[in-house]
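Written out below as structure tokens is the structure these notes cover.
Here, each number is a calculation from the coordinates, and none is a lab measurement. Keep in mind the model is a prediction, meaning the values are calculated, not measured. Note that each Cβ is placed from the backbone with ideal geometry, even for glycine, and that neighbours are counted across all protein chains shown.
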């Protein structure tokens, strides 16, 4: 019997390791995917949760208890002390004892565990994707000539064509949180889906509609280089923040705007940019590319009304998702059993860091991580706002310290290194701001967003940079006013407008001290133009009685809302038979 066992053992040892060819691996993968797709629960699972969300939820629950960690430590030490050391060639040459080698191995193992538990000291960058947010009926994706049936949470790639059948409808969430929805019988191509997370955190989206209707809602693209472009043949529509519908058929392309302003131009030589405002539409003939401006369709149109309602849901959804993305970016929180390993790793890294600038960067990264951790805990009710604000203040202080360090490097004549450090500081702030850009005052995380604004101002080296930062933040306040008005938060909307006035006054003070800087002037003008477009849209809504919030005169040169009055000078809203006396509290002439 023993001989038989030895014979089997020799035979097994003689076998070669099985190796699958690429073709066999591909066949196996296809069979597995087919098996998953053919199960009755697969489609509802993908639509309701998605594989990525399931993995994140499971990973968050996997951690070692205190008892398990103690047992692991004891077993490692016990093994080191009792294991037989047959030969260690370097020990005799270097005079290393068994105890020293054991201590070194234990240290290496535990440092590996720290790396596993803590990861990088930086806050992880968000992986932004373009995905199918929702769908019904027949929806297809054409990728590299292959056709796929679409499903919920399906990741879309640059170059994909998406089209709907006769009963199809699909909602697509882009990497910048903007959203597009296709009617039945529509087709689009995703020409560009670009995100530069390496330093500038810029997003560029370009969509081309082949035929049919596409509703688009673009959110808060005020950073330098951000863009969202929709093309319909030779017509191009660009927006920083807007809601609009694009229709294309064989005869014409029609762009109808329902929020803010969309810039439109054609491929005609010498064609100028035309601003299509809320309540307007631009009709462009496919024959000669000439366009005509007219009043847009009634908001009561079923397609328009559905999308305006769905936009409200989308705004609330991305607000809620921001806290989840923040949580995923930092791993374990202070209440987690693994958090002590993260803290120990931080201490070890700082102990082994000897350069002053590197130490300052490390302190900044740690404070940034704490900023996000305490923001998440405050959002979940784990700490009160006062405790969190103490951590937020510390983060602002570290930003100021790092900026001061950069200024010292510049004073000492090393502009190249100073510029490198400044790019690093700006990119880290923008990465964290990215998680919070869609947060509204309805969220507990809004306090963190306000402190990020303070930190961004603290990073400014020059008056020009400060003026540009303040102008972007003012535009963001105006954007918040519109979003809050849409979801019916009138009281918070009024506070946002008041904050906008205060912010624009700060911008005015900063601009007076700005030295001539062509590049900054161009960026500043672009932000001011976007803010002016938003204010003009608000003026129209106030005049039409669509917004029940008092809007005062802006002292920075932006046109104040015009109040309608009757023939007798009484403030009114509406016109003709629909005219009625305005509530005195909303009288803009008071």
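FRET efficiency for the pair residue 267 and residue 387, taken as 1/(1 + (r/R0)^6) with r the Cβ-Cβ distance and R0 = 60 Å, rounds to 0.55.
Put in order of Cβ neighbour count within 10 Å, fewest first, the listed residues 439, 315 become 315, 439. With r defined as the distance between the Cβ atoms of residue 358 and residue 76 and R0 fixed at 25 Å, what FRET efficiency is calculated, to the nearest 0.05? Calculated value: 0.20. From most to least packed by mean Cβ count within 10 Å, the peptides 531-538, 173-180, 134-141 give 173-180, 531-538, 134-141. What distance in nm separates the simple spin-label points at residue 27 and residue 491, each placed 7 Å from Cα in the Cβ direction? Simple spin-label model gives 6.8 nm for this pair. Take segment 130-307, drop everything but the C-alpha atoms, weight them equally and run the Debye formula without solvent; then report log10 I(q)/I(0) at 0.11 Å⁻¹ to two decimals. For segment 130-307 at q = 0.11 Å⁻¹, log10 I(q)/I(0) is -0.44.
Peptides 22-29, 496-503 ranked from most to least packed by the mean count of surrounding Cβ atoms within 10 Å: 496-503, 22-29. You can think of it this way: the chain between residue 286 and residue 301 has 2.9 nm of extra reach, that is 0.36 nm per residue less the Cα-Cα gap.
If neighbour count is taken as other Cβ atoms inside 10 Å, put 451, 258 in order from fewest to most.
451, 258
Modelled spin-label separation between residue 401 and residue 224, with each label point placed 7 Å from Cα along the Cα-to-Cβ direction: 2.8 nm. When both segment 255-280 and segment 302-321 are represented by their alpha-carbon centers, they are found 23 Å apart.
For 286, 459, the sequence from fewest to most other C-beta atoms within 10 Å is 286, 459.
With a simple spin-label model that places each label point 7 Å from the Cα along the Cα-to-Cβ direction, the separation between residue 194 and residue 275 comes to 2.6 nm.
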